[in-house]
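Note sheet for the following structure.
The values are calculated or read from the model by the stated rules, or taken from the named source; none is laboratory data. Since we're looking at a predicted model, the values are computed, not measured. Quick reminder, even Gly has a Cβ in these numbers, built from the backbone with ideal geometry, and neighbours come from all protein chains shown. The protein model used for the area step is the full one, side chains on, heavy atoms only, and it has no ligands, DNA or RNA in it. Shrake-Rupley method; radii C 1.70, N 1.55, O 1.52, S 1.80 Å.
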Amino acid sequence: MVSELINANPVVYEKKERRARSAPSCADEYTVEPIDQLEIFDHLRDIKDPEHPYSLEELKVITEDAIEVDDSNSYVRVTFTPTVEHCSMATIIGLCLRVKLMRSLPSRYKVDIRIAPGSHATEAAVNKQLNDKERVAAALENPNLVDMVDECLAPTNGLAG
Amino acid sequence: MESHDGAWSLKELQKLEGHNDRVWSVAWNPATGVAGVPPMLASCSGDKTVRVWEQNPSSSSWFCKAVLDETHTRTVRSCAWSPSGKLLATGSFDATTAIWENVGGDFECVSTLEGHENEVKSVCWNASGSLLATCGRDRSVWIWEVLPGNEFECASVLQGHTQDVKMVQWHPTLDILFSCSYDNTVKIWAEDGDDDWDCVQTLSEANGGHTSTVWALSFNTTGDKMVSCSDDLTIKIWETDSGKMMSGDGYAPWSHVCTLSGYHDRTIFSVHWSREGIIASGAADDAIRFFVESKDGSVDGPSYKMILRNEKAHDMDVNAVRWSLGENRFLASASDDGTVKIWELVPVI
(Lines give C-alpha, C1' and ligand atoms only; values in the text may rest on other atoms or scores of the structure.)
Protein backbone atom coordinates (compact mmCIF):
# COMPACT_ATOMS: atom_id res chain seq x y z
CA MET A 1 0.00 0.00 0.00
CA VAL A 2 1.19 3.53 -0.72
CA SER A 3 2.57 5.22 2.38
CA GLU A 4 1.51 8.62 1.17
CA LEU A 5 -2.18 8.86 0.44
CA ILE A 6 -3.10 10.25 -2.94
CA ASN A 7 -5.81 12.34 -1.41
CA ALA A 8 -5.06 12.77 2.28
CA ASN A 9 -8.05 14.93 3.06
CA PRO A 10 -11.08 13.78 1.13
CA VAL A 11 -14.36 15.56 1.53
CA VAL A 12 -16.72 13.31 3.42
CA TYR A 13 -20.43 13.66 2.83
CA GLU A 14 -23.35 12.62 4.93
CA LYS A 15 -24.79 9.28 3.95
CA LYS A 16 -28.13 9.44 2.25
CA GLU A 17 -30.97 8.22 4.37
CA ARG A 18 -31.90 4.68 3.40
CA ARG A 19 -35.46 4.54 2.17
CA ALA A 20 -37.37 1.51 3.30
CA ARG A 21 -38.66 -0.35 0.27
CA SER A 22 -42.44 -0.29 0.21
CA ALA A 23 -44.15 -3.65 0.35
CA PRO A 24 -45.08 -4.86 -3.13
CA SER A 25 -48.63 -3.91 -3.97
CA CYS A 26 -49.20 -7.16 -5.77
CA ALA A 27 -49.87 -10.15 -3.54
CA ASP A 28 -48.32 -12.53 -6.05
CA GLU A 29 -45.16 -13.86 -4.42
CA TYR A 30 -43.76 -14.96 -7.77
CA THR A 31 -43.68 -11.47 -9.24
CA VAL A 32 -40.11 -10.37 -9.70
CA GLU A 33 -39.71 -6.67 -9.05
CA PRO A 34 -37.75 -4.94 -11.78
CA ILE A 35 -34.28 -3.89 -10.65
CA ASP A 36 -34.13 -0.13 -10.24
CA GLN A 37 -31.62 2.63 -9.57
CA LEU A 38 -31.97 2.36 -5.81
CA GLU A 39 -31.36 -1.36 -5.78
CA ILE A 40 -28.15 -0.94 -7.77
CA PHE A 41 -27.10 1.91 -5.49
CA ASP A 42 -27.76 -0.26 -2.44
CA HIS A 43 -25.34 -2.84 -3.84
CA LEU A 44 -22.64 -0.21 -4.30
CA ARG A 45 -23.02 2.46 -1.63
CA ASP A 46 -21.13 0.66 1.14
CA ILE A 47 -18.13 -0.36 -0.92
CA LYS A 48 -15.12 1.02 0.90
CA ASP A 49 -12.73 3.39 -0.76
CA PRO A 50 -9.40 1.58 -1.20
CA GLU A 51 -7.51 4.33 0.61
CA HIS A 52 -9.78 5.90 3.18
CA PRO A 53 -12.02 4.42 5.87
CA TYR A 54 -15.12 5.75 4.17
CA SER A 55 -17.64 4.31 1.77
CA LEU A 56 -17.95 5.35 -1.86
CA GLU A 57 -21.27 6.97 -0.92
CA GLU A 58 -19.71 9.02 1.86
CA LEU A 59 -17.03 10.29 -0.49
CA LYS A 60 -19.63 10.92 -3.20
CA VAL A 61 -17.65 8.70 -5.54
CA ILE A 62 -21.00 7.21 -6.51
CA THR A 63 -24.46 8.68 -6.20
CA GLU A 64 -27.87 7.27 -6.91
CA ASP A 65 -28.30 9.66 -9.84
CA ALA A 66 -25.16 8.42 -11.51
CA ILE A 67 -26.74 5.05 -12.06
CA GLU A 68 -28.69 4.39 -15.25
CA VAL A 69 -30.63 1.16 -15.31
CA ASP A 70 -32.95 -0.38 -17.87
CA ASP A 71 -34.13 -3.66 -16.39
CA SER A 72 -36.22 -4.70 -19.38
CA ASN A 73 -33.05 -4.56 -21.48
CA SER A 74 -30.86 -5.91 -18.69
CA TYR A 75 -28.57 -2.92 -18.86
CA VAL A 76 -26.88 -0.76 -16.24
CA ARG A 77 -24.33 2.01 -16.48
CA VAL A 78 -22.56 3.32 -13.41
CA THR A 79 -20.69 6.60 -13.56
CA PHE A 80 -18.29 7.25 -10.73
CA THR A 81 -16.32 10.32 -9.69
CA PRO A 82 -12.88 9.77 -8.19
CA THR A 83 -12.09 12.14 -5.34
CA VAL A 84 -9.13 13.69 -7.16
CA GLU A 85 -8.29 14.14 -10.84
CA HIS A 86 -5.11 12.09 -10.73
CA CYS A 87 -6.46 9.33 -8.56
CA SER A 88 -4.51 6.18 -9.32
CA MET A 89 -7.09 4.18 -7.41
CA ALA A 90 -9.65 4.89 -10.13
CA THR A 91 -9.09 1.52 -11.78
CA ILE A 92 -9.42 -0.32 -8.46
CA ILE A 93 -12.64 1.52 -7.65
CA GLY A 94 -14.03 0.70 -11.08
CA LEU A 95 -13.04 -2.94 -10.62
CA CYS A 96 -14.79 -3.04 -7.23
CA LEU A 97 -17.97 -1.69 -8.78
CA ARG A 98 -17.81 -4.27 -11.54
CA VAL A 99 -17.14 -7.19 -9.21
CA LYS A 100 -19.91 -6.20 -6.80
CA LEU A 101 -22.42 -5.99 -9.62
CA MET A 102 -21.18 -9.24 -11.14
CA ARG A 103 -21.82 -10.96 -7.82
CA SER A 104 -25.16 -9.26 -7.18
CA LEU A 105 -27.00 -8.97 -10.48
CA PRO A 106 -28.55 -11.72 -12.63
CA SER A 107 -26.15 -12.99 -15.31
CA ARG A 108 -28.33 -11.51 -18.06
CA TYR A 109 -27.12 -8.02 -17.12
CA LYS A 110 -24.76 -5.98 -19.29
CA VAL A 111 -22.74 -3.56 -17.18
CA ASP A 112 -20.85 -0.47 -18.31
CA ILE A 113 -18.66 1.37 -15.81
CA ARG A 114 -17.24 4.79 -16.56
CA ILE A 115 -15.58 7.72 -14.89
CA ALA A 116 -17.64 10.92 -14.81
CA PRO A 117 -16.53 12.89 -17.86
CA GLY A 118 -14.05 15.61 -16.98
CA SER A 119 -13.24 14.24 -13.54
CA HIS A 120 -10.04 12.39 -14.27
CA ALA A 121 -6.83 13.05 -16.13
CA THR A 122 -6.75 9.73 -17.98
CA GLU A 123 -10.44 8.87 -18.06
CA ALA A 124 -10.43 7.42 -21.59
CA ALA A 125 -7.63 5.03 -20.70
CA VAL A 126 -9.25 3.95 -17.43
CA ASN A 127 -12.67 3.55 -19.06
CA LYS A 128 -11.18 1.39 -21.79
CA GLN A 129 -9.55 -0.92 -19.24
CA LEU A 130 -12.65 -1.20 -17.09
CA ASN A 131 -14.79 -2.15 -20.06
CA ASP A 132 -12.39 -4.69 -21.58
CA LYS A 133 -13.83 -7.95 -20.35
CA GLU A 134 -10.67 -9.91 -21.04
CA ARG A 135 -8.47 -7.45 -19.10
CA VAL A 136 -10.90 -7.54 -16.19
CA ALA A 137 -10.95 -11.35 -16.21
CA ALA A 138 -7.16 -11.53 -16.20
CA ALA A 139 -6.95 -8.93 -13.42
CA LEU A 140 -9.32 -10.95 -11.29
CA GLU A 141 -6.99 -13.95 -11.58
CA ASN A 142 -4.35 -11.91 -9.77
CA PRO A 143 -4.66 -12.86 -6.08
CA ASN A 144 -3.26 -9.56 -4.81
CA LEU A 145 -5.79 -7.58 -6.78
CA VAL A 146 -8.63 -9.87 -5.71
CA ASP A 147 -7.61 -9.40 -2.07
CA MET A 148 -7.74 -5.63 -2.47
CA VAL A 149 -11.14 -5.79 -4.11
CA ASP A 150 -12.52 -8.19 -1.50
CA GLU A 151 -11.35 -5.87 1.26
CA CYS A 152 -13.23 -2.97 -0.30
CA LEU A 153 -16.29 -5.13 -0.74
CA ALA A 154 -16.23 -6.59 2.77
CA PRO A 155 -19.14 -5.42 4.89
CA THR A 156 -18.39 -3.12 7.84
CA ASN A 157 -20.27 -2.95 11.14
CA GLY A 158 -22.24 -6.04 10.24
CA LEU A 159 -24.16 -4.17 7.55
CA ALA A 160 -24.64 -6.45 4.58
CA GLY A 161 -23.28 -5.08 1.27
CA MET B 1 -21.51 -18.98 -53.50
CA GLU B 2 -24.80 -20.62 -54.37
CA SER B 3 -27.17 -17.73 -54.28
CA HIS B 4 -30.02 -17.92 -51.85
CA ASP B 5 -31.85 -14.66 -51.88
CA GLY B 6 -34.46 -15.75 -49.42
CA ALA B 7 -34.48 -16.00 -45.68
CA TRP B 8 -32.11 -18.01 -43.52
CA SER B 9 -32.55 -19.64 -40.18
CA LEU B 10 -30.05 -20.77 -37.57
CA LYS B 11 -30.90 -24.16 -36.20
CA GLU B 12 -29.44 -25.14 -32.83
CA LEU B 13 -28.20 -28.71 -33.17
CA GLN B 14 -26.78 -29.19 -29.71
CA LYS B 15 -25.62 -27.39 -26.58
CA LEU B 16 -22.36 -28.77 -25.18
CA GLU B 17 -22.18 -28.43 -21.42
CA GLY B 18 -19.33 -29.35 -19.15
CA HIS B 19 -17.07 -26.36 -18.68
CA ASN B 20 -17.31 -24.73 -15.25
CA ASP B 21 -16.60 -21.20 -16.37
CA ARG B 22 -16.93 -19.06 -19.49
CA VAL B 23 -15.81 -20.62 -22.77
CA TRP B 24 -13.47 -18.28 -24.63
CA SER B 25 -12.83 -20.07 -27.90
CA VAL B 26 -13.49 -23.10 -30.09
CA ALA B 27 -11.53 -24.74 -32.88
CA TRP B 28 -12.57 -27.41 -35.38
CA ASN B 29 -10.02 -30.15 -36.03
CA PRO B 30 -9.20 -29.74 -39.75
CA ALA B 31 -8.46 -33.44 -40.23
CA THR B 32 -12.00 -34.38 -39.19
CA GLY B 33 -15.45 -33.92 -40.64
CA VAL B 34 -14.35 -35.35 -43.99
CA ALA B 35 -13.87 -38.82 -45.46
CA GLY B 36 -15.95 -40.51 -42.84
CA VAL B 37 -13.95 -39.13 -39.92
CA PRO B 38 -16.39 -37.77 -37.32
CA PRO B 39 -16.03 -34.03 -36.70
CA MET B 40 -13.98 -33.03 -33.66
CA LEU B 41 -13.93 -29.71 -31.86
CA ALA B 42 -11.83 -28.23 -29.06
CA SER B 43 -13.06 -25.60 -26.60
CA CYS B 44 -11.09 -23.68 -23.98
CA SER B 45 -12.27 -22.03 -20.82
CA GLY B 46 -11.82 -19.88 -17.75
CA ASP B 47 -11.97 -23.17 -15.83
CA LYS B 48 -8.33 -23.74 -16.94
CA THR B 49 -9.22 -26.73 -19.09
CA VAL B 50 -9.66 -27.59 -22.72
CA ARG B 51 -12.40 -29.99 -23.75
CA VAL B 52 -12.36 -32.05 -26.92
CA TRP B 53 -15.75 -32.96 -28.34
CA GLU B 54 -16.61 -35.43 -31.05
CA GLN B 55 -19.76 -36.24 -32.97
CA ASN B 56 -21.02 -39.81 -32.69
CA PRO B 57 -21.67 -40.89 -36.30
CA SER B 58 -24.65 -43.12 -35.57
CA SER B 59 -26.55 -40.84 -33.21
CA SER B 60 -25.22 -37.56 -34.63
CA SER B 61 -24.94 -36.27 -31.11
CA TRP B 62 -21.82 -34.74 -29.66
CA PHE B 63 -20.01 -36.04 -26.59
CA CYS B 64 -17.00 -34.92 -24.60
CA LYS B 65 -14.08 -37.10 -25.68
CA ALA B 66 -11.40 -35.67 -23.44
CA VAL B 67 -10.74 -33.04 -20.79
CA LEU B 68 -7.24 -31.57 -20.97
CA ASP B 69 -6.57 -30.44 -17.44
CA GLU B 70 -3.85 -30.18 -14.79
CA THR B 71 -1.58 -28.26 -17.14
CA HIS B 72 -2.60 -24.65 -17.40
CA THR B 73 -2.82 -22.84 -14.07
CA ARG B 74 -5.05 -20.05 -15.31
CA THR B 75 -7.71 -19.36 -17.95
CA VAL B 76 -7.10 -21.05 -21.28
CA ARG B 77 -7.87 -18.29 -23.76
CA SER B 78 -7.18 -19.75 -27.19
CA CYS B 79 -6.83 -23.12 -28.91
CA ALA B 80 -5.79 -24.07 -32.42
CA TRP B 81 -5.24 -27.37 -34.21
CA SER B 82 -2.25 -27.87 -36.47
CA PRO B 83 -3.25 -28.40 -40.14
CA SER B 84 -2.60 -32.15 -39.79
CA GLY B 85 -4.94 -32.31 -36.79
CA LYS B 86 -2.25 -34.13 -34.83
CA LEU B 87 -1.35 -31.27 -32.51
CA LEU B 88 -3.41 -28.81 -30.50
CA ALA B 89 -1.87 -25.56 -29.25
CA THR B 90 -3.46 -23.88 -26.24
CA GLY B 91 -2.63 -20.35 -25.05
CA SER B 92 -3.23 -19.37 -21.46
CA PHE B 93 -3.30 -16.42 -19.06
CA ASP B 94 -0.58 -18.36 -17.20
CA ALA B 95 1.75 -16.96 -19.92
CA THR B 96 2.46 -20.35 -21.47
CA THR B 97 1.40 -22.12 -24.64
CA ALA B 98 0.93 -25.87 -24.31
CA ILE B 99 1.22 -28.28 -27.22
CA TRP B 100 -0.89 -31.41 -26.99
CA GLU B 101 -0.52 -34.48 -29.15
CA ASN B 102 -3.53 -36.43 -30.29
CA VAL B 103 -2.51 -40.06 -29.81
CA GLY B 104 -5.50 -42.12 -30.90
CA GLY B 105 -8.02 -40.04 -29.00
CA ASP B 106 -5.86 -39.52 -25.93
CA PHE B 107 -4.26 -36.16 -25.49
CA GLU B 108 -0.85 -35.68 -23.96
CA CYS B 109 0.94 -32.42 -23.31
CA VAL B 110 4.20 -32.82 -25.22
CA SER B 111 5.63 -29.34 -24.96
CA THR B 112 5.24 -26.06 -23.08
CA LEU B 113 6.33 -22.83 -24.73
CA GLU B 114 7.47 -20.09 -22.39
CA GLY B 115 8.56 -16.60 -23.17
CA HIS B 116 5.62 -14.24 -22.95
CA GLU B 117 5.79 -12.00 -19.90
CA ASN B 118 2.14 -12.33 -19.10
CA GLU B 119 -1.20 -13.55 -20.49
CA VAL B 120 -1.11 -15.29 -23.87
CA LYS B 121 -4.21 -14.25 -25.80
CA SER B 122 -4.08 -16.15 -29.10
CA VAL B 123 -2.33 -19.03 -30.90
CA CYS B 124 -2.36 -19.83 -34.61
CA TRP B 125 -0.59 -22.27 -36.97
CA ASN B 126 0.43 -21.30 -40.49
CA ALA B 127 -1.02 -23.14 -43.49
CA SER B 128 1.75 -25.74 -43.68
CA GLY B 129 2.00 -26.27 -39.94
CA SER B 130 5.68 -25.29 -39.92
CA LEU B 131 5.16 -22.17 -37.83
CA LEU B 132 3.10 -21.28 -34.76
CA ALA B 133 2.32 -17.69 -33.76
CA THR B 134 1.36 -16.49 -30.28
CA CYS B 135 0.58 -13.05 -28.86
CA GLY B 136 -0.31 -11.49 -25.55
CA ARG B 137 -0.73 -8.60 -23.16
CA ASP B 138 3.03 -8.02 -23.17
CA ARG B 139 2.40 -6.36 -26.60
CA SER B 140 4.56 -8.87 -28.45
CA VAL B 141 3.93 -11.44 -31.14
CA TRP B 142 6.10 -14.56 -31.13
CA ILE B 143 6.79 -16.83 -34.08
CA TRP B 144 7.84 -20.36 -33.24
CA GLU B 145 9.37 -22.87 -35.64
CA VAL B 146 8.05 -26.40 -35.42
CA LEU B 147 10.95 -28.86 -35.34
CA PRO B 148 10.97 -32.66 -35.37
CA GLY B 149 10.14 -34.47 -32.16
CA ASN B 150 7.62 -31.84 -31.05
CA GLU B 151 10.37 -29.33 -30.42
CA PHE B 152 9.63 -25.66 -30.81
CA GLU B 153 12.14 -22.91 -31.28
CA CYS B 154 11.46 -19.22 -31.09
CA ALA B 155 12.17 -17.77 -34.53
CA SER B 156 11.25 -14.17 -33.82
CA VAL B 157 9.74 -11.83 -31.25
CA LEU B 158 7.85 -9.05 -33.00
CA GLN B 159 7.52 -5.71 -31.26
CA GLY B 160 5.44 -2.90 -32.64
CA HIS B 161 2.02 -2.95 -31.09
CA THR B 162 1.78 -0.38 -28.32
CA GLN B 163 -0.79 -2.35 -26.33
CA ASP B 164 -2.17 -5.81 -25.56
CA VAL B 165 -2.32 -8.00 -28.71
CA LYS B 166 -5.67 -9.79 -28.88
CA MET B 167 -5.34 -12.18 -31.81
CA VAL B 168 -2.91 -13.52 -34.39
CA GLN B 169 -3.94 -15.10 -37.68
CA TRP B 170 -1.81 -16.43 -40.49
CA HIS B 171 -2.87 -15.72 -44.05
CA PRO B 172 -4.60 -18.85 -45.45
CA THR B 173 -1.98 -19.50 -48.12
CA LEU B 174 1.07 -17.27 -47.60
CA ASP B 175 3.39 -17.02 -44.61
CA ILE B 176 2.22 -13.54 -43.75
CA LEU B 177 1.06 -12.93 -40.18
CA PHE B 178 -1.71 -10.59 -39.07
CA SER B 179 -2.21 -9.36 -35.52
CA CYS B 180 -4.88 -7.14 -33.97
CA SER B 181 -4.70 -5.18 -30.78
CA TYR B 182 -6.04 -3.04 -27.93
CA ASP B 183 -4.05 -0.28 -29.67
CA ASN B 184 -6.86 -0.22 -32.29
CA THR B 185 -4.65 -1.42 -35.15
CA VAL B 186 -4.10 -4.48 -37.28
CA LYS B 187 -0.44 -5.13 -38.07
CA ILE B 188 0.87 -7.24 -40.90
CA TRP B 189 4.21 -9.04 -40.58
CA ALA B 190 6.29 -10.67 -43.30
CA GLU B 191 9.75 -12.18 -43.62
CA ASP B 192 12.23 -9.96 -45.44
CA GLY B 193 14.00 -12.88 -47.08
CA ASP B 194 16.75 -12.83 -44.50
CA ASP B 195 14.85 -14.72 -41.80
CA ASP B 196 13.91 -11.41 -40.24
CA TRP B 197 10.29 -10.56 -39.67
CA ASP B 198 9.16 -6.97 -40.05
CA CYS B 199 5.93 -5.09 -39.81
CA VAL B 200 5.11 -4.37 -43.46
CA GLN B 201 1.84 -2.55 -42.87
CA THR B 202 -0.33 -1.13 -40.08
CA LEU B 203 -4.07 -0.70 -40.60
CA SER B 204 -5.00 2.16 -38.32
CA GLU B 205 -7.72 4.77 -38.04
CA ALA B 206 -5.75 6.87 -40.54
CA ASN B 207 -6.35 4.32 -43.31
CA GLY B 208 -9.95 3.54 -42.56
CA GLY B 209 -9.28 1.34 -39.57
CA HIS B 210 -10.95 0.87 -36.23
CA THR B 211 -11.30 3.45 -33.45
CA SER B 212 -11.14 1.01 -30.56
CA THR B 213 -9.75 -2.43 -29.67
CA VAL B 214 -9.70 -4.83 -32.60
CA TRP B 215 -10.70 -8.21 -31.23
CA ALA B 216 -10.51 -10.56 -34.21
CA LEU B 217 -9.94 -10.98 -37.91
CA SER B 218 -10.62 -13.64 -40.52
CA PHE B 219 -9.90 -14.28 -44.20
CA ASN B 220 -12.03 -15.45 -47.07
CA THR B 221 -11.02 -18.74 -48.71
CA THR B 222 -8.96 -17.16 -51.48
CA GLY B 223 -7.13 -14.93 -49.03
CA ASP B 224 -7.69 -11.68 -50.90
CA LYS B 225 -10.30 -10.35 -48.47
CA MET B 226 -10.23 -9.95 -44.71
CA VAL B 227 -12.83 -9.04 -42.12
CA SER B 228 -12.04 -7.46 -38.73
CA CYS B 229 -14.27 -6.70 -35.74
CA SER B 230 -13.93 -4.26 -32.90
CA ASP B 231 -15.05 -2.70 -29.64
CA ASP B 232 -15.95 0.29 -31.86
CA LEU B 233 -19.08 -1.69 -32.79
CA THR B 234 -18.14 -2.08 -36.46
CA ILE B 235 -16.99 -4.84 -38.75
CA LYS B 236 -14.60 -3.80 -41.51
CA ILE B 237 -13.81 -5.46 -44.81
CA TRP B 238 -10.35 -5.17 -46.32
CA GLU B 239 -8.90 -6.39 -49.57
CA THR B 240 -5.63 -6.82 -51.37
CA ASP B 241 -4.66 -7.14 -55.02
CA SER B 242 -4.84 -10.92 -55.43
CA GLY B 243 -2.82 -10.91 -58.62
CA LYS B 244 0.07 -9.07 -57.02
CA MET B 245 -0.26 -11.18 -53.91
CA MET B 246 -0.09 -14.48 -55.79
CA SER B 247 2.76 -13.36 -58.03
CA GLY B 248 4.97 -12.91 -55.00
CA ASP B 249 6.30 -9.76 -56.60
CA GLY B 250 6.75 -7.69 -53.49
CA TYR B 251 4.28 -7.05 -50.74
CA ALA B 252 0.66 -6.45 -51.79
CA PRO B 253 -0.83 -3.89 -49.40
CA TRP B 254 -4.28 -4.14 -47.89
CA SER B 255 -6.86 -1.38 -48.13
CA HIS B 256 -10.17 -0.67 -46.49
CA VAL B 257 -13.22 -1.57 -48.59
CA CYS B 258 -16.27 -1.22 -46.43
CA THR B 259 -17.43 -0.64 -42.83
CA LEU B 260 -20.52 -2.37 -41.46
CA SER B 261 -21.90 -0.16 -38.72
CA GLY B 262 -25.24 0.10 -37.01
CA TYR B 263 -25.67 -3.67 -36.75
CA HIS B 264 -24.10 -4.21 -33.35
CA ASP B 265 -24.57 -2.16 -30.20
CA ARG B 266 -22.05 -3.94 -28.01
CA THR B 267 -18.50 -5.15 -28.53
CA ILE B 268 -18.01 -7.68 -31.33
CA PHE B 269 -15.59 -10.34 -30.08
CA SER B 270 -15.37 -12.67 -33.05
CA VAL B 271 -15.80 -12.85 -36.81
CA HIS B 272 -15.27 -15.81 -39.09
CA TRP B 273 -15.56 -16.04 -42.87
CA SER B 274 -16.98 -19.31 -44.23
CA ARG B 275 -15.79 -21.17 -47.34
CA GLU B 276 -18.91 -20.00 -49.10
CA GLY B 277 -18.48 -16.35 -48.20
CA ILE B 278 -20.81 -15.97 -45.23
CA ILE B 279 -19.36 -13.87 -42.39
CA ALA B 280 -20.51 -14.85 -38.89
CA SER B 281 -20.08 -12.48 -35.94
CA GLY B 282 -20.34 -13.12 -32.20
CA ALA B 283 -20.96 -10.20 -29.86
CA ALA B 284 -21.40 -9.04 -26.28
CA ASP B 285 -25.16 -8.75 -26.79
CA ASP B 286 -25.49 -12.55 -26.83
CA ALA B 287 -26.27 -12.55 -30.54
CA ILE B 288 -24.81 -14.16 -33.65
CA ARG B 289 -25.17 -12.32 -36.96
CA PHE B 290 -24.48 -13.30 -40.54
CA PHE B 291 -23.38 -11.07 -43.41
CA VAL B 292 -22.79 -11.62 -47.12
CA GLU B 293 -21.59 -9.45 -49.94
CA SER B 294 -24.52 -7.71 -51.49
CA LYS B 295 -24.97 -8.29 -55.18
CA ASP B 296 -26.68 -4.99 -55.68
CA GLY B 297 -24.29 -4.08 -58.43
CA SER B 298 -23.62 -0.78 -56.72
CA VAL B 299 -21.20 1.48 -58.57
CA ASP B 300 -19.53 2.60 -55.38
CA GLY B 301 -17.94 -0.75 -54.74
CA PRO B 302 -18.85 -3.86 -52.83
CA SER B 303 -21.33 -3.63 -49.99
CA TYR B 304 -22.45 -6.16 -47.46
CA LYS B 305 -25.81 -6.96 -45.97
CA MET B 306 -26.91 -8.79 -42.86
CA ILE B 307 -28.86 -11.94 -43.76
CA LEU B 308 -29.72 -13.08 -40.25
CA ARG B 309 -29.50 -12.10 -36.61
CA ASN B 310 -30.02 -14.71 -33.94
CA GLU B 311 -30.71 -12.52 -30.91
CA LYS B 312 -30.49 -14.84 -27.97
CA ALA B 313 -27.99 -17.33 -29.37
CA HIS B 314 -26.61 -17.68 -25.85
CA ASP B 315 -27.60 -16.47 -22.37
CA MET B 316 -24.50 -14.32 -22.17
CA ASP B 317 -21.78 -12.81 -24.37
CA VAL B 318 -20.71 -14.80 -27.44
CA ASN B 319 -16.90 -14.93 -27.37
CA ALA B 320 -16.18 -16.95 -30.49
CA VAL B 321 -17.89 -18.18 -33.66
CA ARG B 322 -16.24 -20.70 -35.99
CA TRP B 323 -17.51 -22.28 -39.17
CA SER B 324 -16.74 -25.96 -39.54
CA LEU B 325 -14.32 -26.77 -42.32
CA GLY B 326 -16.46 -29.45 -43.93
CA GLU B 327 -19.03 -29.28 -46.67
CA ASN B 328 -21.81 -28.39 -44.28
CA ARG B 329 -22.90 -25.04 -42.84
CA PHE B 330 -22.15 -25.96 -39.24
CA LEU B 331 -21.10 -23.23 -36.85
CA ALA B 332 -19.72 -23.56 -33.34
CA SER B 333 -20.09 -20.76 -30.79
CA ALA B 334 -18.54 -20.24 -27.36
CA SER B 335 -20.06 -18.13 -24.60
CA ASP B 336 -19.68 -16.60 -21.15
CA ASP B 337 -22.62 -18.84 -20.21
CA GLY B 338 -20.17 -21.75 -20.07
CA THR B 339 -21.53 -23.58 -23.09
CA VAL B 340 -20.54 -24.32 -26.66
CA LYS B 341 -23.34 -24.57 -29.19
CA ILE B 342 -23.35 -26.33 -32.54
CA TRP B 343 -25.59 -24.72 -35.14
CA GLU B 344 -26.57 -25.24 -38.73
CA LEU B 345 -27.39 -22.32 -40.99
CA VAL B 346 -30.24 -23.38 -43.24
CA PRO B 347 -31.93 -21.58 -46.09
CA VAL B 348 -35.65 -21.14 -45.58
CA ILE B 349 -37.51 -21.97 -48.73
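Worth pointing out:
- The lysines within cross-link reach of B:Lys187, meaning a Cα-to-Cα straight distance under 18 Å and a gap of 8 or more places when in the same chain, are B:Lys121, B:Lys166, B:Lys225, B:Lys236.
- Per-residue extension of 0.36 nm, minus the Cα-Cα distance of B:Lys312 and B:Asp265, leaves a gain of 15.5 nm for this segment.
- Shielding by other protein chains, B:74-87, mean Cβ within 10 Å: 1
- Global geometry of the stretch B:113-254, whether rounded, prolate or oblate, following the gyration tensor of its Cα atoms and the 1.5 cut on a/c: oblate
- The stretch B:12-32 and the stretch B:298-349 have Cα centres spaced 14 Å apart.
- Carbon plus sulfur fraction of accessible area for the stretch B:1-137, probe 1.4 Å, in percent: 42 percent
- Restriction of the trypsin sites (Lys or Arg not before Pro) in the stretch B:169-277 to DSSP coil positions whose beta-carbon has at most 15 other beta-carbons within 10 angstrom yields B:Arg275.
- Burial here means at least 10 square angstrom less accessible surface with every protein chain in place than with the chain by itself, probed at 1.4 Å; in the stretch A:92-120 the buried residues are A:Ser107, A:Arg108, A:Lys110, A:Asp112.
- The mean count of C-beta atoms from other chains within 10 Å of the C-beta of residues in A:136-143, rounded to a whole number, is 4.
- Shielding by partners - mean other protein chain Cβ count within 10 Å, residues of A:125-131: 2
- In loop segments of the stretch B:254-349 as defined by DSSP, the GluC sites (Glu not before Pro) with at most 12 further C-beta atoms inside 10 Å of their C-beta are B:Glu311, B:Glu327.
- Highest GNM mean-square fluctuation among B:Gly105, B:Gly193, B:Gly243, for chain B modelled with Cα contacts below 10 Å: B:Gly193.
- Look at the Cα gyration tensor of the stretch B:14-102: its axes a ≥ b ≥ c give a/c of at least 1.5 with a/b at or below b/c, and that counts as oblate.
- Within the accessible area of the stretch B:143-240, the carbon and sulfur atoms contribute 42%, probe 1.4 Å, all protein chains present.
- Spatial offset of the stretch B:33-57 relative to the stretch B:244-278 amounts to 27 Å, using the alpha carbon center of each.
- Equivalent ellipsoid dimensions for the protein assembly as shown as semi-axes, Å, which come from the Cα gyration tensor, largest first: 40, 26, 24
- Computed over protein heavy atoms with a 1.4 Å probe, the accessible surface of the protein assembly as shown works out to 44 Å² per residue.
- For chain B, a/c is less than 1.5, where a ≥ b ≥ c are the root eigenvalues of the C-alpha gyration tensor. That puts it in the rounded class.
- The simple spin-label model puts a point 7 Å past each Cα toward its Cβ; for B:Ala206 and A:Val12 those points are separated by 5.2 nm.
- Here the accessible area of chain A is 51 percent carbon and sulfur, with a 1.4 angstrom probe and all protein chains present.
- Chain B packed on chain A takes about 1700 Å² of accessible surface away from a 1.4 Å probe, both sides summed.
- Listed by chain and number, the lysines placed with their C-alpha closer than 16 angstrom to that of A:Lys100 are A:Lys48, A:Lys110, A:Lys133; residues fewer than eight positions away on the same chain are left out.
- Within the protein assembly as shown, helix-based [θ] at 222 nm, where runs of 4 or more DSSP H residues each add -39,500 (n - 2.57), nearest 500: -3000 deg cm²/dmol
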